[in-house]
1. List the pairs whose first member sits in the range B:31-43 and is closer than 14 Å to residue B:85 by Cα, whose second member is surrounded by fewer than 20 Cβ atoms within 10 Å (Cβ to Cβ), and whose Cβ atoms are under 6 Å apart, counting only residues at least 6 apart or on separate chains?
2. Restricting to helices (runs of 4 or more DSSP H) lying wholly in the range A:306-420: which have 1 or more residues that are more than 24 Å from residue A:506 (Cα to Cα) and in contact with a helix residue (DSSP H, G or I) (Cβ under 9 Å, 6 or more places away or on another chain)?
3. Looking at the range A:101-108, can you tell me whether even one residue there is free of Cβ contacts under 8 Å to residues at least 24 places away in the same chain and more than 20 Å from the chain's Cα centre (by Cα)?
4. From the list A:98, A:78, which residue is buried (at least 23 other Cβ atoms within 10 Å of the Cβ), touching a residue at least 24 places away in the same chain (Cβ under 8 Å) and assigned to a strand (DSSP E or B)?
5. Looking at this structure, is residue B:10 part of a helix (DSSP H, G or I) and within 14 Å of chain A (Cβ to nearest Cβ)?
6. Given (1) outside any helix (DSSP H, G or I); (2) more than 19 Å from residue A:609 (Cβ to Cβ); (3) within 14 Å of chain A (Cβ to nearest Cβ), identify the lone condition not met by residue B:54.
7. Can you find a residue that is within 30 Å of residue A:17 (Cα to Cα) and touching a strand residue (DSSP E or B) at 6+ places or on another chain (Cβ under 9 Å) anywhere in the range A:141-158?
8. Go through the residues of the range A:493-511 one by one and say whether even a single one is modelled with pLDDT of 75 or more, buried (at least 20 other Cβ atoms within 10 Å of the Cβ) and within 30 Å of residue A:372 (Cβ to Cβ).
């Protein structure tokens, strides 16, 4: 019987595909790409078996011992529960479609085989992370995910920006990972185990019995959240994600939808019982999420590069997921992760299709593409509508769930700010869709053509999910009482009519705003050079605000200043300390002092027999006197 | 009446003269002779103790045998040392100990 006990096969298949494709791919047809795709497909099939078994028989956990160190046992183990199976479905589905899509998109690439090997490694790492039952194993997979993103973002490493972006992604997330590692060690010191369920129980009991202090738990969870911030690109660690656009577009689809950035949200969701014991940290999570949501939303408004605009949209939506997690809305965050995952995968694959058809990435050179690329245009519009939160699309339901979680658990001010920021997310999604697919034809659209079927099929397969995935939030039968109850066992479903009214009003408002902005810009020339905010007749403060936004709030400059003036200055001081104190004084010092003293002391070696004989005589007499006089 | 103390005094005097000779003479031959004096001073002591202490016959014999050994070794050593001194003289036309100072830094 294939079921949850076979779940460990899903990452193992991808890992095996990585080994085979990396080692033997060059001698295989299609350079081994089909092996990687087959592993993803088998994983997706196994996911359905696991899901069916889970619905019938409940959770399971399987492990084999890996390290036994005294009392401490670290396992290679998997937890197959509702959370991890949900993630398995998303990761295998998106990875499968992205890999199929890449056959056409990456055709003729010199390192075609390696591309698929890296994809398999990336997917295997993420699937392991999702299933891991202890924090050490999870951390291992976490770092492998970072490695996979590094390899894929820097896939075109001959291009300098791509190599720099890969390094930036790796190093930025590593900074957060240091926090994660320290947090895991703190939890281990407090509880004596790495096992996730064990840690949760130990902290729960320890807090009640006073064995574990609230301060330790807060510190550990805050540090773990730092790791999640790095991977999920929360402010101020968001800087790597827009730069990661230098990678191939299908890679962006994978990173933004399922593998890399979902890891941070998943980590917090996995440790949600722990976070609920530290309300102070959850408040931090909420604030960081809300700030990132609004912050990235404003930046997405002014980006002119299609992929960068989508990247800021991802950061913004990750902020929304964190906000939801911080408001105790784990199910809402996971629902939004799913809805955003399928929608954003479709948007990025659509963006890749646009780039494939026009050879451009700058939205100012597009426009009116819907006539040339109808399938891409329709699917892209569905994805954009879903992320904008337009009523029947899947993003709408998940956004409503998030808003309800915020309404129930947080101060009303958070709800007001979230609604205000969701206005932005509708606005920039509308802008992107409008600039690319509607309006007047501009230079890039002349030779545009629809992409081949291998690229449009994944788009068409994703479209129904972006349309209707949100419906899983409702309970459809006794066996499935709604997504929230399915995931956490809480009894909560249904939407708040008042909230639906407000958020629909906001979406309609943003559509009206867009229409007001773009009305007439069809005819004017400045639309071609720059988007709406910098029209010549705009007031000065408007242009100034636009300049700040185009420069991304100068966060990159601030980071550069921090690196140049603080990190490198400190590094130079440490290097100097090492050179002078450690090397010259502590290591070379004794050697030099021995040498200098030897220069003097060697003169007692006169080479003359008298000297030695005299020393012997004096020595013997001294010994004799000592022996005689001493008591 | 000759007693143990006489042996010891004579031995000590001979040994001191030997030490003085080793330290103060420049000629390698004289230094060699002084070393022989020191060896014989020790021999005198050994003989004196063997004769005067309250020992068994076997122990007395042992002391005398030790003296014979010392004399034998001293003869061998002398042969070697004289050979070295001869080589020294052949090489440097001198046996002045002040000039033999190659074994230094």
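The values are calculated or read from the model by the stated rules, or taken from the named source; none is laboratory data. No experiment lies behind these values; they were computed from the predicted model shown. Note: ideal-geometry Cβ built from the backbone for every residue, glycine included; neighbour counts use all protein chains shown.
1. B:31/B:25; B:32/B:81
2. Here the list reads A:306-326, A:330-358, A:374-388.
3. So far as the range A:101-108 goes, yes, one or more of its residues are free of Cβ contacts under 8 Å to residues at least 24 places away in the same chain and more than 20 Å from the chain's Cα centre (by Cα).
4. A:78
5. On the way: part of a helix (DSSP H, G or I): yes; within 14 Å of chain A (Cβ to nearest Cβ): no.
It is false that residue B:10 is part of a helix (DSSP H, G or I) and within 14 Å of chain A (Cβ to nearest Cβ).
6. So the condition that residue B:54 fails would be (3).
7. Scanning the range A:141-158, I find at least one residue that is within 30 Å of residue A:17 (Cα to Cα) and touching a strand residue (DSSP E or B) at 6+ places or on another chain (Cβ under 9 Å), so the answer is yes.
8. The answer is yes, given that some residue of the range A:493-511 is modelled with pLDDT of 75 or more, buried (at least 20 other Cβ atoms within 10 Å of the Cβ) and within 30 Å of residue A:372 (Cβ to Cβ).
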